[in-house]
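In what follows, a structure is listed as structure tokens, so that the remarks can point back to it.
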Amino acid sequence: MLRENPIVRLLIPFVAGIFAYVSFIPGIPVVFWVAFLVLGFIIIYSLSKRYSFYNQWVTSFVIACVMVVAGMGAVAFRDYLMNHRHFASGIERDSVWLARIEDYGQEKARSVKYVAEIIAGQDSQQWRTYAGKLLIYLEKDSASVLLQPGDKILFYGTPLTIPGPALPGGFNYKDYLYRRGIFYQIYLKYSTWRKVSFPESFSLRQTAAKWRGKLLGVMKKYGLEGQEYAVASAMLLGYSSVLDSETRQIYSGSGAMHVLCVSGLHVGIIYMFVGVLLTPLLRLKKGKLIRSVFCIVIIWFYAMLTGLSASVIRAATMFSFLSIGQMAGRRTGIYNTLAASAFFILLFNPYLLFEIGFQLSYLAVLGIVSLQPGLYHLIHIKNKILDKVWALLTVSIAAQLATGPLATFYFHQFPSYFLLTNLWVIPVSFVCMFLGVLFFLTSWIYPLAKITGWVLALGFKVMNTGVSIIEGLPGAVIKGLYPDIFLCVGIYGFLIFLVLYFYFSRKWLFYSALVLILAISARKPAQWLFCRNQAGQIVVAQSKSLNGLILVKGRSVALSDAKMLGDKAMLDWLGDKGIDNISVLKKHSCIQWNGRIICVADGDSIVKPLTGRADYLFLLGKVSMNPSIIIQSLQPSAVIAGPDVPAYIIKRWKEKLHGSSIRFHAVREEGYFDELL
């Protein structure tokens, strides 16, 4: 299989190089990787001249090593581009900055969130040009909601680093934004910023965003509103900011969330629609070339309109390669085409490899092309209509088998009626996509736009109603699923060995699949024994909604505040750790946990332990007591300041403990606290 797909053989070590760099060896200069690449190519050239065919495995090994280095170099070069001339080098307290709005804002309860590009900053009365993106939260008012892509704003303030995960092993929003080149954020009141006029510089992305804004306005103008407008915006134009939590839950719970993310289905419909419209060009001498060029340009323009998400980039790249293959008169293998599109995408942005959308979109396509043919041929149906239904079901099953383990790992739930959902949503969304294209083509003709707009709104209303009914069925969503990465890898390994066994009929493949399934089955008892003997753990989260102590011992946890159980991040974290026994500590108390004494200081009172000495002292809120009195009374080994402790109290404790042997950890400055007991 690998021999027939050479690009797959190149992609595997390239991806391994990206993983290796991000996980183990970040920060090595770009020049180092360039030198290694040049050396590798020289070795490959020398080997190809000296060794015969029988020693080609040596050349293959060197090529694999070179691709590993290329993967590392791609990440290093991306880091260099993100940090080159970055405004972080000029940050001073309360500086003046000039920034350009990159996309439409996302309205929140009291603010509007924008992604902006820093253009310049004032450093000691001197303006300097900078680069780099940041998140800007503007106080919500009539001016902040009207900013558009390309607008320039002048603001006064100090950008702050984005905090890390609230809990150890939790979702890392800082890393998520880092992969998008965003390292800082700032909140601005209405009095600290203003919109300014500045000479325009052309930006294809901002131009596309403006066009998308106009198309969104056209949909509103001709009758789309409420849930229909929100779903149409996400599905047709990739604009998901107007989707409310209820709509997201309906589509997520029914297993139809994939239709709201612009991906291969949407790009494929656009590609097919444009291809049919341009069929008359095939009569020309260079008609095939002209049609292919037009198709590629239009699908990439559509990709720009939808915000260039990982899934749409993958789909647009794959269809571009297919179009180039058709133009050249060649029939390229699907695995080679997928590998080529992935390689092309990761070469320009290797961090996309860690995006959920990128991973799930490729897994879905791989599942369909690998598993669907075998599933389809299990049953032979003579009736044409039933045969089409069976084909659609096998596509859905194949995609779910490929994406199910990873989706469950990320989202901790599984849609029970995904087959029923896809039987409904795929054909209806197909119709809605065609209606959307027709609507935009006729939007400049008032009478036609009024009719097509009404039909489009009706189509989305029908789709929403069907999805809502499925989501409301009993047991539609299985929640509380917390597989770890090892279980996911085991399941994928089992599926791969099983598929290869059916393709090649080798016994060792079947035995390997059997060994993996036995290992997966034995994993739960082993995990129970491990948790039983696991050391205790003290955690303080970096989140005001999780303000308190979290004490873990095996499969039991004690919380200092019952309100923490209302936070989804906490529930997911407890589920990931397999916790099944939860208790709540009393306030203003000193407790013994796994042989350690932990005291909580809140306000102006504290309970002294019977032993007279505390191992940990946890500060909660505005601790008004004198630090010297508390330290003399408790003699703690470590002091932990919670996320709601004010900065002036943290400063007071830092000054008191400076030079002493007592450790001090301020959660709001240093991130979550995590230590084994």
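The values are calculated or read from the model by the stated rules, or taken from the named source; none is laboratory data. Being a predicted model, the structure only gives us computed values, none of them experimental. No Cβ is skipped: glycine too gets one built from the backbone with ideal geometry, and neighbour counts run over all protein chains shown.
Would you check if Gly223 is modelled with pLDDT of 80 or more and not β-branched (Val, Ile, Thr)?
Yes.
Name, by its number, the condition in (1) loosely packed, with under 14 Cβ neighbours inside 10 Å; (2) modelled with pLDDT of 85 or more that does not hold for Ala666.
Just one mismatch for Ala666, condition (1).
Could you tell me whether any residue of region 482-490 is surrounded by fewer than 14 Cβ atoms within 10 Å (Cβ to Cβ), aliphatic (A, V, I, L, M) and assigned to a loop (DSSP other than H, G, I, E, B)?
No: zero hits.
Of these, Thr408, Thr421, which one is surrounded by 19 or more Cβ atoms within 10 Å (Cβ to Cβ) and not aliphatic (A, V, I, L, M)?
After ruling out the rest, the residue left standing is Thr421.
Return the pair list, or none, for Cβ contacts closer than 6 Å from residues in region 337-362 that are farther than 17 Å from Val8 by Cβ to residues that are assigned to a helix (DSSP H, G or I) and of a type in the set (Phe, Trp, Tyr), at least 6 apart or on different chains.
Leu352/Phe358; Ile356/Tyr410
Give region 422-474 a look and list any residue that's at pLDDT 85 or above and not in a helix (DSSP H, G or I), or say none.
Within region 422-474, Gly472, Leu473, Pro474 qualify.
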